[in-house]
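Participant: What follows is a structure written as structure tokens; I'll ask about it next.
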Amino acid sequence: MNTAIAATPASRAFISDNMAGASPQIAQAVADAAVGQVLPYGNDPFTASARRRLGEIFERDVDVFLVSTGSAANALSLAAVTPPWGSVLSHPDSHINHDECGAPEFFTNGAKLVGVPGDDSKIDPDALRAVVRRRAGDVHRVQPSAVSISQATESGSVYTLEEIRRLSAIAKDAGLRVHMDGARFANALDHLGADPAEMTWKAGVDVLSFGATKNGAMTADAIVSFDPALSTELAFRAKRAGQLASKMRFHSAQIDAYLTDGLWLRNARQANAMATRLGDGLKAIPGTGLLATPQANILFCRLPQHVTEGLLAEGYAFYHDRWEPGIVRFVTAFSHSADDIDQLLDAVRRHTR
């Protein structure tokens with residue numbers, strides 16, 4: 001008996017960009033990497049090429065550690081910049097705070113996550129300034145050690161370059177390191193029209209969780225460190241956490257193909273454009289309401305309950321009622337087409353009549 005669960009058609013899958021498959025170029029790269037014999041543990045030409053490409057896009061030498069998940073990238077990055085008695089300052093809506101099952105606390109050996117509020121899921125500079133030195137040196141309290149910025153955020157907003165620079169300056173002035181959770185790094189980059197260096201080390205970021213899985217890769221993300229002093233610790237932490245893959249070439253082949261000929265930026269541009277198309281369409285439908293204009297590929301809106309139920313009955317997949325009644329989240333992916341978005345909008349219109 002076949003008990004496999006049927007896949008949701010791409011045209012109706014809006015729960016997460018993790019639902020999308022892989023770009024054909026990346027799948028082909030993995031197949032190509034399966035041929036022949038190469039040295040293990042990253043001592044192979046695929047890994048060398050991926051590291052070289054990352055150095056090129058960031059316009060400098062970087063230390064690169066390929067991992068299998070974004071959770072590993074975040075947790076290991078934070079562990080390298082935060083002692084067990086330290087605290088990581090992030091927005092309460094951040095992924096590390098809500099969706100990592102305690103991984104940052106585990107890998108830092110007990111460091112505390114401290115929420116710093118702000119509108120649109122972005123840390124407010126004045127709120128950050130108020131906590132970066134709070135009870136510094138007091139042995140009875142965890143010590144502020146790092147600031148983590150989500151780019152793009154969990155609500156789909158994007159920090160401007162000036163906002164990143166300002167938050168980084170506040171952190172550095174207090175002696176704190178800066179981590180960027182870039183699970184949707186390419187989507188944020190596309191929205192800003194910036195280059196990778198501007199959005200990271202030139203703005204004060206020390207270590208980046210470079211996301212690829214949500215944007216066309218299969219099972220590969222990366223830790224990119226801009227501080228050579230972190231290199232040794234990150235290497236040992238990655239090994240200790242089971243993230244030094246023996247057949248690293250399969251991670252590396254994905255990242256290498258992802259960065260070849262601008263694939264990563266094209267994928268992000270498509271995902272963002274589909275969120276914009278969906279948002280523009282919803283604005284014209286009576287009875288619906290956007291919570292904010294999407295800046296990346298995440299869109300939150302209000303839908304009447306009967307519309308939500310109608311879409312679900314048609315096989316559409318999306319998160320609803322997780323935040324409050326009537327709030328729906330749609331996430332677009334590189335694999336969505338304009339026809340997919342228009343079909344969704346047609347379905348919303350039918351159910352609002």
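Participant: From (1) touching a residue at least 40 places away in the same chain (Cβ under 8 Å); (2) under 23 Å from Asn272 (Cα atoms), pick out the condition that doesn't hold for Pro40.
Facilitator: It is condition (2) that Pro40 fails.
Participant: Which pairs have Cβ atoms under 6 Å, sit 6 or more apart or on different chains, and link a residue in segment 273-291 that is part of a helix (DSSP H, G or I) to one that is aliphatic (A, V, I, L, M) and at pLDDT 95 or above?
Facilitator: Every condition considered, the pairs that remain are Met274/Ile341; Ala275/Leu299; Arg277/Ile341; Leu278/Leu299; Leu278/Ile341; Gly279/Leu299; Gly281/Leu345.
Participant: Considering only segment 24-129, give the strands (runs of 3 or more DSSP E) lying wholly within it that have at least 1 residues that are open to solvent by 30 Å² or more (accessible area, probe 1.4 Å) and either charged (D, E, K, R) or within 24 Å of Ala186 (Cα to Cα) (or both).
Facilitator: In segment 24-129, the matching strands (runs of 3 or more DSSP E) lie at 63-67, 112-115.
Participant: So, of the residues in segment 310-353 that are part of a helix (DSSP H, G or I) and free of Cβ contacts under 8 Å to residues at least 40 places away in the same chain, which turns out to be most open to solvent (accessible area, probe 1.4 Å)?
Facilitator: If we take residues in segment 310-353 being part of a helix (DSSP H, G or I) and free of Cβ contacts under 8 Å to residues at least 40 places away in the same chain, then Ala313 is most open to solvent (accessible area, probe 1.4 Å).
Participant: Restricted to segment 205-230, and to residues that are more than 17 Å from the chain's Cα centre (by Cα) and not acidic (Asp, Glu), which residue is most open to solvent (accessible area, probe 1.4 Å)?
Facilitator: That would be Pro228.
Participant: Here's another thing I want to ask about it. Could you go through segment 249-266 and let me know if any residue there is in a loop (DSSP other than H, G, I, E, B), open to solvent by less than 10 Å² (accessible area, probe 1.4 Å) and among the hydroxyl-bearing types (Ser, Thr, Tyr).
Facilitator: no
The values are calculated or read from the model by the stated rules, or taken from the named source; none is laboratory data. Since the model is a prediction, treat every value here as computed from it, not as a measurement. Don't worry about glycine lacking a Cβ; one is built from the backbone with ideal geometry, like all the others, and counts go over all protein chains shown. What goes into the accessible areas is simple: the full protein's heavy atoms, side chains included, and nothing from ligands, DNA or RNA. Shrake-Rupley method; radii C 1.70, N 1.55, O 1.52, S 1.80 Å.
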